[in-house]
1. Report, to the nearest whole %, how much of the accessible area of the chain belongs to carbon and sulfur atoms, 1.4 Å probe, protein only.
2. Given the protein chains as shown and a 1.4 Å probe, how many square angstrom of V206 are accessible, to the nearest 10?
3. Provide the percentage of antiparallel DSSP beta bridges, counting only those with both residues in the chain; round to the nearest 5.
4. Starting from 0.36 nm per residue, how many nanometres of slack lie between A73 and E8 once their C-alpha separation is accounted for?
5. What are the extents of the Cα atoms of segment 276-455 along their three principal axes, in Å, largest first?
6. Choose one of G29, T199, H58: the residue whose Cα lies farthest towards the positive end of the charge dipole of the chain (beta-carbon charges +1 Lys, Arg; -1 Asp, Glu; about the Cα centre).
7. If the cut-off is 16 Å between C-alpha atoms, which aspartates and glutamates fall inside it for K257, apart from same-chain ones fewer than 8 positions away?
8. May I ask for the percentage of alpha-carbon pairs in the chain that lie more than 32 Å from each other?
Amino acid sequence: MSEINLLESVTTFLQRSHGHYINGASVAGQENEIFSIVNPASGEVIATVNQGGDTEVHQAMQAASAAFHGVWAQTSPLERGNCLNRLADLLQKNSEELAQLESVCSGKPIQLSRMLDVGASADYLRYFAGWSTKITGETLNVSLPSFKGEKYSAFTRREPIGVVVGIIPWNFSIMIAIWKLGAALACGCTIVLKPSEYTPLTMLRVAELAKEAGIPDSVINIVNGSGARVGSSLINHPQCAKVTFTGSVPTGMSVGKLAMEQGLKRTTLELGGKNAAAFLSDMTVEKIVDGILEAGYVYQGQICAAAERFYIPSVHMDAVLALLSERLSAMKIGSPLDESTEMGPLANKEHYEKILSMFETARQEGNEIVHGGYALEGAGFFVAPTVIRANRVEDTLMNEETFGPIGTFLSYDDEEELMTMMNATPFGLSASLWTNDMSKAMRMTSRIEAGMLWINMHTFVDPAVPFGGMKSSGMGREFGSAFIEHYTELKSVMMRY
Ligand code: NDP
């Protein structure tokens, strides 16, 4: 094992006392309570953070509201885009520091942190920057009667919705926050972010870079603390106009309900699921296994869009499971700071315990553990990548999200049966279909109930392509031009002349 050395800026940052970021400055916070940040690769505490409360929530919301009506409203769309581009430049300039911080807090292999949490975040910011000057309405023809020669015209305007509250999960602490921040700022909104308690540090550093990028104070604010306390308090706050949430289905539902009860606050929910990957019989065993590894095992399976249900033609099943086990045995599991690591630890102790209990559930239900199914010895929250052969569509592992490195497999013989099995879930975030027969794939496309369907690929998202869930996997879409609808209100103006 050869780990990269942590930059001095990272160790210094970790040693600071952390709290919140409000009105362009770090704020220690008034609460006496602190919570610890644990490195999931070692189980050791690496930093502490002050728990936020109503005082910090109120300060942040007031600051964001003042900026929304003041400095940010007076900033031209072009300059808003320039701000996002300058922040993208600074993310890239400080790429290694941010990637290392992400890896020590979340257990993400360093190469992925560099590529996604920093590299892709910069790309997303640039994409949103381009939209800032292209948010437009329409002119409309009006057919009202004219008695004395009067005429009518109408147009629509897209107006920024107000202060956005962004609630972020632990799996991509920078990138998912950047999705929300970029969308909000491009549309003229200001934002208050609530990172996950497990990964509250990275965005504190990004907020400092945002100041350096010339984004006016109070346009971006961060309040750290528990979801139940800080998250709810932010949603309840009278200045909150919209909530954009990424996280689990149960929390998302309670967030959506609260936002509705608090005066129909606008809501975007990006939730979990139980995503399917289906391979048709024309695929070779090798291609199927390549696809499974791409779809299910990147970043320990802790990607909302990752596949967890795999449907394999009966004729290929045994060979696929044998080759997959062989490939997983060769996978390099280890420190997230080792550049050759392919799989790191699970992100936190609670999640690790949940995954161990899922192994137990599979055993109790008589599923075959083909590979893995156990914790790895030593410090940290490591488990073996796992392959489970289910018996029935109803088995728990075919229905409940694990959010871990567990693929559960069922074989099928009939493609009609396959369509039914793929859709037999209350969720609909993503799915993939793997075949060389594009005609068949196109016919199946309209039948698969998922907001994001990949053909011969899985997990990749792109800022140009709208992303979000059908059914219980969410409400609203991020990216593309679809995001604009969710961060603006449509105002119609009609006139007589
Ligand atoms: P959670 O739903 O537990 O938490 C998400 C965020 O919500 C955290 O910041 C959490 O704070 C906060 N929160 C918790 N309770 C409340 C509450 N009552 N009111 C307001 N906020 C609250 O999800 P995880 O962080 O465990 O993330 C994993 C889940 O996220 C998986 O189910 C995964 O599928 C989903 N996900 C979905 C994605 C998508 O785009 N569809 C992308 C990534 C993940 P705290 O951590 O402090 O409790």
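1. Summing carbon and sulfur atoms, their accessible area is 53 percent of the total for the chain.
2. 0
3. 45
4. Between A73 and E8, full extension yields 19.5 nm more.
5. 49, 33, 30
6. Value: H58.
7. E270
8. Of all Cα-Cα pairs in the chain, 43 percent lie more than 32 Å apart.
The values are calculated or read from the model by the stated rules, or taken from the named source; none is laboratory data. Owing to the predicted nature of the structure, the values given are computational and were not obtained by experimental measurement. For neighbour counting, all protein chains shown are included, and Cβ atoms are generated from backbone atoms with ideal geometry for every residue, glycine included. Side chains included, ligands, DNA and RNA excluded: accessible areas come from the protein's heavy atoms. Shrake-Rupley method; radii C 1.70, N 1.55, O 1.52, S 1.80 Å.
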